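Visitor: Dropping a structure here in structure tokens format, bear with me for questions.
The values are calculated or read from the model by the stated rules, or taken from the named source; none is laboratory data. It should be emphasised that the depicted structure is a prediction, and the values quoted were computed from it without experimental measurement. Cβ atoms come from the backbone with ideal geometry, glycine included; neighbour counts cover every protein chain shown. The area values use the complete protein model at the heavy-atom level, side chains included, leaving out ligands, DNA and RNA. Shrake-Rupley method; radii C 1.70, N 1.55, O 1.52, S 1.80 Å.
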Amino acid sequence: MEVGSGLAALATAMAVGLGALGAGIGDGMVTGKTVESIARQPELRGNLLTTMFISVGLIEALPIIGVVIAFILMGKI
């Protein structure tokens, strides 16, 4: 295995791993703050949940992009 292909393999692992780690932290923060907000103002539950699901969907786009980048880099190995 060449140095370039080894670095590409490391980059793919980091792209997927760090993307998933960041998304997990972000999802936890968004969900936790939404639960706190619902506990404070239960009448806004519907609006808060809608906003939370949109936010979680946008946060989850990052690991998907990371996987696409990983596939692109794996094609170079």
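Visitor: Could you identify the single residue in THR31, THR12 that is modelled with pLDDT of 95 or more, in a helix (DSSP H, G or I) and in contact with a helix residue (DSSP H, G or I) (Cβ under 8 Å, 6 or more places away or on another chain)?
Guide: Just a single option satisfies the conditions, and that option is THR31.
Visitor: Ok, one more. Determine if region 47-59 includes at least one residue that is assigned to a helix (DSSP H, G or I), open to solvent by 60 Å² or more (accessible area, probe 1.4 Å) and either in contact (Cβ under 8 Å) with a residue 40 or more places away in the chain or touching a strand residue (DSSP E or B) at 6+ places or on another chain (Cβ under 6 Å) (or both).
Guide: No - not one qualifying residue is present in region 47-59.
Visitor: Let me ask something else about it. Of the residues in region 17-44, how many are touching a Gly at 6+ places or on another chain (Cβ under 9 Å) and open to solvent by 60 Å² or more (accessible area, probe 1.4 Å)?
Guide: Adding up the residues that qualify gives 1.
Visitor: Here's a follow-up. Given the criteria modelled with pLDDT of 95 or more and open to solvent by 80 Å² or more (accessible area, probe 1.4 Å), does PHE71 qualify?
Guide: Numbers: modelled with pLDDT of 95 or more: no; open to solvent by 80 Å² or more (accessible area, probe 1.4 Å): yes.
Spelling it out, it is not the case that PHE71 is modelled with pLDDT of 95 or more and open to solvent by 80 Å² or more (accessible area, probe 1.4 Å).
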